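Peer 1: One structure, as C-alpha cells, below. Some questions next.
The values are calculated or read from the model by the stated rules, or taken from the named source; none is laboratory data. This one's a predicted model, so the numbers in the text were calculated from it and none came from an experiment. When we count neighbours, we look across all protein chains shown, and the Cβ atoms used for this are built from the backbone with ideal geometry, even at glycine.
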Amino acid sequence: MDLYLLLFLLFPCVSSKPNVIIFIADDLGYGDLGCYGNTSVRTPNIDSIAREGVKMTQHLTAASTCTPSRSAFLTGRYPVRTGMAATGLMRVNTWPYSSCGLPSSEVTFAEQTKKAGYMNGFIGKWHLGLHKDTLGDFEHHPLNQGFDYFYGLIGTNLDDFGHETKVITSQRPYWYGELFSIWAVTAVSLWCLYRANYIRVFSFVVFVFIWSVPVTFVYILFENYTLLSSFIHRNYDLVEQPIRLAGLSQRLVNEGLEFIQNATAAEKPFLLVMSWVHMHVFLRTAKEFEGRSKFGRYGDALEELDWSVGKILKAVRKYGLEDNTLVYFTSDNGGHLEIGTDGGYNGILKGGKTHGSPDGGIRVPGMIKWPSVLNEGKVIDEPTSLMDIYNLISTAVGVELPSDRQIDGRDILPLLKGDVSVSPHEFMFHYCGNRLKAARYRPRDGSKTWKLVTHEPDLIPGSKVCTFVCSCNFDVALTTPKLYDMTSDLGESNPIDANSNTYKEISSIILQAIDNHKNSVEPVETQFTWKKLAPKLTWQPCCNGRFPFKCLCTDPKYPE
C-alpha cells in the first residue's frame, strides 16, 4: 500500500483523467499561421502548440462550410449520416431562430466526456441550432448536447453586424435593382387591373403578386439581419443584442478563464471548447489590436486570435494543468477566397471555403499537444480528420465509442505517438452538401496519398473563385475524373494521365470505395429543408420583450 501511494504521488497524471481544451477558429486559412509558413502575421501562441506537440499537415474537415463541418467535428460522423448535409442551395444554418439544428439523438464528444464525470463548457460560436419544435424547447442548444455551460453565439458572425456591407448584396450585387423591378411590375400590374377588368389581366396580376410577396419577405429578412441574428446567450438567457464585436474576443477569453478556474476549484476534469468568432467576417478587434499587424484588419484579427489562445494557455500553466491537458487547435474550414484580403490565405492549396472538392476549403491547420503523452516537435503528413478528435477524446477519458451508429473518426493516438506511421484512414470522402465530389485513398503500403475528383466548382470563367460562394448544385461533373498525387501535388495542378496504368488502377479502387461508402449511408431526415431553415419570426427574442422595437441590451457582466 505504501508503494502504491508513493507511485501515485510521484506520477499523479498517470491516474488522473486529462483535461481537454479545444480551440476551433472560424474560416482560418491553411496558410495563415506561422507554423504553416506565414511570415507576415505573428502567431507565436498558436505556433507554440505545434512546437510543443504534433502538427498535422493533411488535416481535413468533413465539409467546406461551417454548420456541417462543426456537426461532424462534434459527432465524429459525416454530416450526411446525421441530417446535417445540405440538400439545396443553403448549406449553413443561417438563422439562429430556425428549427434546423444538430439532432439531440446524436452523441457529441461532450456527452462522451459527461459519462466520465467531466465538467463541459462551450464558449463562442455554436451555429448548430437552438429550438426544434416549439419556442423554448432548446432541443439543439449546447446544454442539450452535453455541455454544462454556454456563452456565445447561437448563430454566426456576419458582414451585416459591422454595418459596412450586407450578405445579400455580396451575393447579389444588383439586389436593390431586382427588387425595384419586381415592385414596379407589381405596381403596374395592379394599375392595369384597376383600369381593365379582364380575366387575363387579373391572372397575370395574381401571378406577379404571388411572386413579389416572398421576395419582399426575403428583403425584410436580409435588411434586418442584425436585428434578427445578432445575439449573445449565457446558457439559455439572451444577454446581449446586438453583439458588440469590438472586445468580443476579450469577453470570450474571460468566460474561458472563469470556466477553467471553476472546474479547477471543483476538482473536476474538464472539457472546454473555445469556438472563436475570428476569422469570420465581419472583422473587428479591440482598439489595442487595430493597426497592429502589417496585413490589414485580417492580420489584426489574427493577432487578436493568437493573443486569445495565449491567455488560455497561460491559465493552464498557472494552475499546473499543462502536463495532463490535451490541447487541440484547428479551423472549421478553409479561408474564404471570394472576399479578398478579409478572407484568409490557403497557401498553395487550390480553392477555399464553399468549394466542394479542392483542398483549400477542407484542409486546415491541426495541432495537438499533450505533454504527458505526446512528444514535442513531431510533424505528421498522413491524412487525418477533425472527426478523429471524437475518438481521441473518447480514448483519453476512457469511454467506449457508441456501438449503435457508424463513427467515421478513427483512432489516431498511435499515429500521434509514433507507434504507427500510416494513417488509420484508408479512404476519406469529400462532400459538398449531400453530394460526394471527391475521395482520398491512402494505400496501406508506400507513402503516397491519392485523391480522385469527380466534380469541380463552377468558377467564374478565367478566375479561381465563384461569385461570393460556390454552389454544390452547379458543380461541373467531370466526364473523366481527375486523379492527383496529394503527397507531391498539394495545389492539385498536375492530374495523373488518365491513360496511364497508375490512373486506371488507383481510380478503380477509389470508385469502388465510393460505391461501398454510399451503400453504408442510411437514409436520415435532413435538417436542411426550407421549412426548417426559414426563420421563425414568432421565436425571435427581444431584450425588452417588444419585438421588433428597441431590441437593445448589453451584457450586464461586461457593461464596458
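Peer 1: Could you check region 301-390 for strands (runs of 3 or more DSSP E) lying wholly inside it with 2 or more residues that are closer than 29 Å to residue 118 by Cβ, in contact with a Phe, Trp or Tyr (Cβ under 8 Å, 6 or more places away or on another chain) and polar (S, T, N, Q)?
Peer 2: It comes to 325-331.
Peer 1: Tell me the strands (runs of 3 or more DSSP E) entirely within region 214-296 that contain at least 3 residues that are over 19 Å from residue 142 (Cβ atoms) and modelled with pLDDT under 95.
Peer 2: none
Peer 1: Anything in region 488-507 that is surrounded by fewer than 16 Cβ atoms within 10 Å (Cβ to Cβ) and more than 16 Å from residue 357 (Cα to Cα)? List them, or say none.
Peer 2: Result: 488, 497, 498, 499, 500, 501, 502, 504, 505.
Peer 1: Of 453, 476, which residue is touching a strand residue (DSSP E or B) at 6+ places or on another chain (Cβ under 6 Å), without any contact (Cβ under 8 Å) to a residue 40 or more places away in the chain, of a type in the set (A, V, I, L, M) and over 22 Å from residue 50 (Cβ atoms)?
Peer 2: On the way: 453 fails: without any contact (Cβ under 8 Å) to a residue 40 or more places away in the chain.
Only one candidate passes the filter, namely 476.
Peer 1: Mind listing just one residue for me: the one in region 30-58 that is more than 20 Å from residue 310 (Cβ to Cβ) and either in contact with a helix residue (DSSP H, G or I) (Cβ under 9 Å, 6 or more places away or on another chain) or basic (Lys, Arg) (or both) and, of those, surrounded by the most Cβ atoms within 10 Å (Cβ to Cβ)?
Peer 2: 30
Peer 1: Hey, among 130, 143, which residue is under 26 Å from the mean Cα position of the chain (by Cα), surrounded by 20 or more Cβ atoms within 10 Å (Cβ to Cβ) and over 22 Å from residue 250 (Cβ atoms)? Give the steps one after another, and end with the answer.
Peer 2: Values: 143 fails: surrounded by 20 or more Cβ atoms within 10 Å (Cβ to Cβ).
Answer to the check: 130.
Peer 1: Kindly evaluate residue 444 against the criterion of being in contact (Cβ under 8 Å) with a residue 12 or more places away in the chain and under 26 Å from residue 80 (Cα atoms).
Peer 2: no
Peer 1: Something else now. With the requirement that a residue be of a type in the set (Gly, Ala, Ser) and at pLDDT below 95, what does region 518-560 give you?
Peer 2: Listed by number, the residues that qualify are 534, 545.
Peer 1: Now, a different point. If you check every pair at least six apart or on different chains, which have Cβ atoms under 6 Å apart with a residue in region 304-331 that is under 17 Å from residue 44 (Cβ atoms) first and a residue that is of a type in the set (Gly, Ala, Ser) second?
Peer 2: Within 6 Å, the pairs are 304/249; 308/249; 312/256.
Peer 1: May I ask you to verify whether residue 379 is surrounded by fewer than 17 Cβ atoms within 10 Å (Cβ to Cβ) and of a type in the set (A, V, I, L, M)?
Peer 2: Spelling it out, residue 379 is indeed surrounded by fewer than 17 Cβ atoms within 10 Å (Cβ to Cβ) and of a type in the set (A, V, I, L, M).
Peer 1: Which members of region 396-420 meet the condition of being under 26 Å from residue 103 (Cα atoms) and among the aliphatic types (A, V, I, L, M)?
Peer 2: Those that are under 26 Å from residue 103 (Cα atoms) and among the aliphatic types (A, V, I, L, M): 396, 397, 399, 401, 407.
Peer 1: Under 9 Å between Cβ atoms, which residue pairs at least 6 apart in sequence (or on different chains) link something in region 236-251 that is on the phi > 0 side of the Ramachandran plot and touching a residue at least 24 places away in the same chain (Cβ under 8 Å) with a partner that is aliphatic (A, V, I, L, M) and not in a strand (DSSP E or B)?
Peer 2: 247/286
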